[in-house]
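> I'd like to ask some things about the structure below.
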DNA sequence: CTGAAAGCGCTTACAG
DNA sequence: CTGAAAGCGCTTACAG
């Protein structure tokens, strides 16, 4: 069954296509006789008429479509970013077309061509975790925003989490709680995201504490467990741990369990990132510094829409979003081993 | 800078639009003089001409676009399904337009209308975990496949994992290894996915073992840890555990660590699902039954494309994909507490 | 107040 | 061998 066109409506109502268009777009008043308006509305209703968006696009030269490029891969991209971007765009009447690059420049280039052919009005590049992104030349022809990745040359505007700030926040929480011996499960050194988080920790710890801090590796759950075990079994173990990622926190929790260390009583723990809602599912729930995925996505899409509708130029090149702490039950003051005389004096 | 149109190419080459179209679409041979063909090709190249896909769609009445509806929410949807669907569609020259329903029928209905207006040729409905899905009436006008969800009335074709088979497979692995006392961390009872997995386990265990099996709850990491601890500390504890989901396996691993139980030596563990690659990151890596996300997505898109290009009707109403086991290091035979005389007799 | 015409960018018969 | 015309479905000036 073919979809009804404006011509079908016009035929049924006994008027011309122009009249149908006028009435259905709210320009009937003062132009079309009230009786005819009713006729047209009824006919449209009866035929279940809806304008063909493709024809509309060709006519108006606007597709109301935003291309989304996942880089280096769609796998791993935050579904929170996706859903927030989706919702914001939909509410404004825009559609999102997704394409994956697979981290391959050749594929990326073809994807950009396809998107350009489809006349997308703007572009969003989304990365699973903060990385550098070097936009190809062709990208410049359409308003573009990078989400969770940034152009080192700052040629393209980006919306990113303040990862260093997040690391600093984590460290500050522990320092404020009174910890002086802090260990950091740092994660893979080649990751931009991890490097920034650790740098933020280091900054706070070294200035506030003037105490040595231990940075150990860990790239997945198992290796984080090993790293945590190593640092927790040495002579003067840290009283608190910072994990650069929630998976590392799972590893740390595993190590603590093996060592019969209670995460509330014996050891404090702060984790960066709770995108997978893993850290918050542990017992006790781990205090985390969250990545503002929803806010970043909303901001990016909103900026794009503003640019498209109001022709407003982007006023900033990089927007770094604060990562808010979620205080849970894994942080308390350091455990002071109670001395007999001290205990006595308390009475 | 405006994009070049076929008219621009025609003007530059000094021919008509028709000739440009003919040559650029490979119908030049025998129709257009070789010299003119060269002229046209050069002009197109010089102007960086690419046909406008919107105009093409209007003309051909084909948008080469598939709508993707995430249900009940985009958050949590497997990025593996997304990336596989993306790749398969892209390779065939099709585009994917995503819309989220947020689990709201009103929103879903609006999304379907929008997709219909945009003239999508087919529809994919994707769920984060196996659930029932009742397609609204309006859906029936375009070829549709449900991925990871199924229509109880079987009105719409669906591609799903064989969750019961996955559960059975997990149980069989432990039975084959010689375990007779098996505990199951079952997960939330209201989840279709979980219910089927547990039913599969139960089936195998009760027929193969004629031994009682313990099913305990667990809905997240923390509660799974509690459940595992309960079952492992009773009088005759199970020698092996099945977790209906990898998050539950993390909980079980935590409980085991607290109880100083070694997952290889003292306790075997099989987990369903490794979509987040959590179970495989533990130490030892946990044997899992994988969800065939990639295969399901490829199959669904391929069926849709076949239907669109070859007009082939769907021949099956439901495709249940086998969930393949990934054997790792968490399964060995049950630990037989070595009796002195037994040990002696072995010498 | 209303219809005929033009045009968005394309391709495919159809004349010549 | 090549160009003019028609038409996909729409809207917006423009005549009347």
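The values are calculated or read from the model by the stated rules, or taken from the named source; none is laboratory data. Because the structure is predicted, anything quoted here is derived from the model rather than measured. All Cβ positions, even for glycine, are placed from backbone atoms using ideal geometry, and neighbour counts span all protein chains on display.
> Of all residues in region B:11-27 being without any contact (Cβ under 8 Å) to a residue 12 or more places away in the chain and within 9 Å of DNA strand D (Cβ to nearest atom), which is nearest to the other protein chains (Cβ to nearest Cβ)?
Only one residue tops the list, namely B:17.
> Scan region B:28-59 for residues that are surrounded by fewer than 14 Cβ atoms within 10 Å (Cβ to Cβ), closer than 29 Å to residue A:138 by Cα and near DNA strand D (Cβ under 8 Å from one of its atoms) and jot them down.
B:59
> Hand me the list of helices (runs of 4 or more DSSP H) wholly inside region A:29-144 holding 2 or more residues that are within 11 Å of another protein chain (Cβ to nearest Cβ) and under 21 Å from the mean Cα position of the chain (by Cα).
Correct list: A:79-91.
> Select from region A:9-27 the residues that are crowded, with 18+ Cβ neighbours inside 10 Å and more than 8 Å from DNA strand C (Cβ to nearest atom) and list them in ascending order.
Scanning region A:9-27 gives A:9, A:12, A:13, A:20, A:23, A:24.
> Out of (1) in the same structural domain as residue A:146 (by TED's automatic domain parsing); (2) within 9 Å of DNA strand C (Cβ to nearest atom), the odd one out for residue A:31 is which?
Of the numbered conditions (1) in the same structural domain as residue A:146 (by TED's automatic domain parsing); (2) within 9 Å of DNA strand C (Cβ to nearest atom), the odd one out for residue A:31 is (1).
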